[in-house]
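Notes follow the structure.
The values are calculated or read from the model by the stated rules, or taken from the named source; none is laboratory data. Computed from a predicted structure; not experimentally measured. Cβ coordinates were reconstructed from backbone atoms using ideal geometry, including for glycine residues, and neighbour counts include every protein chain displayed.
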Amino acid sequence: MARSTHEMLESPDFKRLVRGKWTIAIVLTIVLFIVYYGFILLIAADKPFLAQKIGEYTTLGIPIGVGVIVAAWVLTFIYVVWANRVHDVEVSRLVEEMKK
Amino acid sequence: MQAAQTAAQTVIGQRNNSAIIFFFLIVAITLYITYWAAKRTRSTKEFYAAGRTVSAFQNGLALSGDYMSAASFLGIAGMVAMKGYDGMIYATGWLVGWPALMFLIAGPLRNLGKYTFADVVAFRLKQTPVRIAAAIGGILTVLLYTIAQMVGAGSLIKLMFGIDYVWAELIVGAVMLLYVLFGGMIATTWVQIVKAALLLGGVTVLTLMVLAQFSWSPGDLYQAVSAKLGQKALEPGGLVTGKIDAISLGLALMFGLLGLPHILMRFYTVPDAKAARTSVLYATGFIGYFYIIIPIVGFGASVLVGRELIKTVDPGGNMAAPLLAEVLGGTPFLGFIAAVAFATILAVVAGLTLAGASALSHDIYVNVVKKGVATEQEQVRVAKMATVVFGIVAVLLGVLFKGQNVAFMVGLAFAVACSANFPALLMSIVWKRFTTAGAVSSILTGAFLSVLLIVISPTVWVDVLHKKEALFPIKNPAIVSMTAAFVIGILVSLMAREPSAEAKFEDEKLRTYLAVGAE
């Protein structure tokens, strides 16, 4: 083993990996909070805003509601692409390093 | 008079041959799957985790199957039909937990655990107290969720198939037990996949049939809604009023998902963390699609069926989607949708039973009573016994709570899940100083506080017990009980260090982030 468990945990590479993971996770969680609780608080605070018509009968609230669902999926998608393309590559590199 | 009027317009409540044929067809297919799965279910890994061979796409469908209960399908369609836009607000709330699940716990949960979320919480803490506490939180969540499903199942089946309530409970209990007992997680996974495909397909057809009536334009549908029910139906109404209430409900819906044992358990059926993440992306896509189209079904029902008829058949509005199917596709299509609703309930109850049984057998029996030492044969035998126990309890609870308004029980299940299970799970993953005493006190605080607060909240104190004024003003307690679970967990952990737990944190970290030693 090139690096022991302790050495690995103390290595800058590993620390960067963990910090990167939680930075992405927390930023995306905050965006999710803003989107969802923003929507809920908008309903609680300003119903007329959502009730205004954007088509002949369609209210603004309808596309915004759909938008919250789509945004939730897009955030999930961003995380998965990052985790599979960036994070996992770094994980396997570090695991290989431990095996050497 | 009312009954005669209904009978003239719908066959719901009478024996419906096409429903029975579709129902038997679905049961036959799923039992064949069970027979096939039974031959592949010998070890504990196969029984609890389908041998960790489920693909990301399959698990994505199965997660959707586990999550989209009859409450999602019939409940949200009914809410949109009866209350209009407010039903849509509910639909968004049910989805936003999935990204949070992905960001905060999906990877570590998969890397650290074996069969249950308690494996993760107990990873470096003292097994006995933590397993017992986690099993209390887990089983309480599963039981509350099961009651809601079983009571809903009994009334629905009674209404749609014209059979007695108790018989309906027994049929659900017996078929579901066959799946879990003989086919374990392999059969349960495939039952979820079949159910998810049927539900997504059925609702898609229903949506297309509605849109066909309105020259394929949602705008025309909204015009008809506005003409028949007034523009109010397309505007936010009384569902979300108080800000604290709204945030608290939102917290319960979002973080409750991160503490639902039957959902968390599915993460152990895939080979690794990457497959776990990808399966969440699929699930979020399927469930999001479902919640985007289900309001069209609801609005369609309010125009094409009418609120009066929906209310006459079921005051809660739950029959909006089946009634719409009858109007658009006649009795055979009603039969198909009824059978899909039945399959939905069966599959969810099967998933819940497997989660409940794993808490009893894997967490309590194997890890507490036998201190982790038990042969494969013994573990599988105990898991099957626990399954039978749980199945009987589910049927008994269904009969016991007959006729009760159980809508609050789903809310309560989410409140307990986000207060008892989620804080301890998250802290055990990220915080080195987290201790056994901290975990146990956090779980117990979350569990008992959320139950207590919901009993004295308007949901139970006023609506169920008919007292004048609630002792606790917020309908969903999550904002208080989840916060308390975090605060207590942190304070108790800070009071006394646990060197053995801190020493094991290095191994845990290596496994959390690099999957070294993950099963």
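Scanning region B:447-489 for residues that are more than 18 Å from B:ASP245 (Cβ to Cβ), among the β-branched types (Val, Ile, Thr) and buried (at least 17 other Cβ atoms within 10 Å of the Cβ) returns B:VAL451, B:ILE488.
Scanning region B:307-332 for residues that are surrounded by fewer than 24 Cβ atoms within 10 Å (Cβ to Cβ) and touching a residue at least 40 places away in the same chain (Cβ under 8 Å) gives B:ARG307, B:LEU309, B:LYS311, B:THR312, B:VAL313, B:ASP314, B:GLY316, B:GLU326, B:LEU328, B:GLY329, B:THR331, B:PRO332. Listed here are the helices (runs of 4 or more DSSP H) enclosed by region B:404-477 that have at least 1 residues being more than 30 Å from B:LEU510 (Cα to Cα) and either within 14 Å of another protein chain (Cβ to nearest Cβ) or aromatic (Phe, Trp, Tyr) (or both): B:407-416, B:436-455. With respect to B:THR128, is the statement that it is within 30 Å of B:VAL172 (Cβ to Cβ), among the polar types (S, T, N, Q) and either touching an Asp or Glu at 6+ places or on another chain (Cβ under 7 Å) or assigned to a helix (DSSP H, G or I) (or both) true? So B:THR128 does not fit the description; no. In region A:3-33, the residue that is surrounded by the fewest Cβ atoms within 10 Å (Cβ to Cβ) out of those that are within 10 Å of another protein chain (Cβ to nearest Cβ) and among the charged types (D, E, K, R) is A:GLU10. One residue stands out in region A:49-70 among those that are within 7 Å of another protein chain (Cβ to nearest Cβ), over 20 Å from B:TRP94 (Cβ atoms) and of a type outside the set (A, V, I, L, M, F, W, C): the one that is surrounded by the fewest Cβ atoms within 10 Å (Cβ to Cβ), namely A:GLU56. Residue pairs whose Cβ atoms lie under 6 Å apart, separated by 6 or more positions or on different chains, with the first residue in region B:127-151 and at pLDDT below 95 and the second not in a helix (DSSP H, G or I), are B:ILE147/B:PHE401; B:ALA148/B:VAL406; B:VAL151/B:PHE401; B:VAL151/B:VAL406. Would you tally the residues in region B:239-274 being more than 10 Å from chain A (Cβ to nearest Cβ) and more than 21 Å from B:ALA420 (Cβ to Cβ)? Of the residues in that region, 3 qualify. Please work out which one of (1) within 11 Å of chain A (Cβ to nearest Cβ); (2) touching a Ser or Thr at 6+ places or on another chain (Cβ under 8 Å); (3) surrounded by 24 or more Cβ atoms within 10 Å (Cβ to Cβ) is the condition B:GLY219 fails and give its number. With respect to (1) within 11 Å of chain A (Cβ to nearest Cβ); (2) touching a Ser or Thr at 6+ places or on another chain (Cβ under 8 Å); (3) surrounded by 24 or more Cβ atoms within 10 Å (Cβ to Cβ), B:GLY219 is out only on (3). For region B:42-64, a tally of residues being crowded, with 22+ Cβ neighbours inside 10 Å and of a type in the set (Ser, Thr, Tyr) returns 3. Taking region B:362-382 as the range and being of a type outside the set (Val, Ile, Thr) and either under 15 Å from B:GLU46 (Cα atoms) or part of a loop (DSSP other than H, G, I, E, B) (or both) as the test, the residues that pass are B:HIS362, B:LYS370, B:LYS371, B:GLY372, B:ALA374, B:GLU376, B:GLN377, B:GLU378, B:GLN379, B:ARG381. Being in contact (Cβ under 8 Å) with a residue 40 or more places away in the chain and farther than 30 Å from A:VAL68 by Cβ is a property that does not hold for B:LEU304. Checked against (1) under 19 Å from the mean Cα position of the chain (by Cα); (2) more than 10 Å from every other protein chain (Cβ to nearest Cβ); (3) modelled with pLDDT of 95 or more, B:VAL297 passes all but condition (1). Considering region A:38-48, the residues that are more than 8 Å from every other protein chain (Cβ to nearest Cβ) and exposed (fewer than 14 other Cβ atoms within 10 Å of the Cβ) include one that is farthest from B:SER226 (Cα to Cα), namely A:GLY38.
Among the residues making up region B:95-110, those that are part of a helix (DSSP H, G or I), touching a residue at least 24 places away in the same chain (Cβ under 8 Å) and touching a Leu at 6+ places or on another chain (Cβ under 8 Å) are B:GLY97, B:TRP98, B:PRO99, B:ALA100, B:LEU101, B:MET102, B:LEU104, B:ILE105, B:LEU109. Restricting the search to region A:71-100, which residues are surrounded by fewer than 16 Cβ atoms within 10 Å (Cβ to Cβ) and facing another protein chain (nearest Cβ under 7 Å)? Hits for region A:71-100 are A:PHE77, A:ASN84, A:VAL95. Filter region B:479-519 for residues that are of a type in the set (S, T, N, Q) and over 32 Å from the mean Cα position of the chain (by Cα) and give the result. Result: B:SER500, single match. Of all residues in region B:222-238, those that are among the aliphatic types (A, V, I, L, M), free of Cβ contacts under 8 Å to residues at least 24 places away in the same chain and either surrounded by 19 or more Cβ atoms within 10 Å (Cβ to Cβ) or more than 9 Å from chain A (Cβ to nearest Cβ) (or both) total 0.
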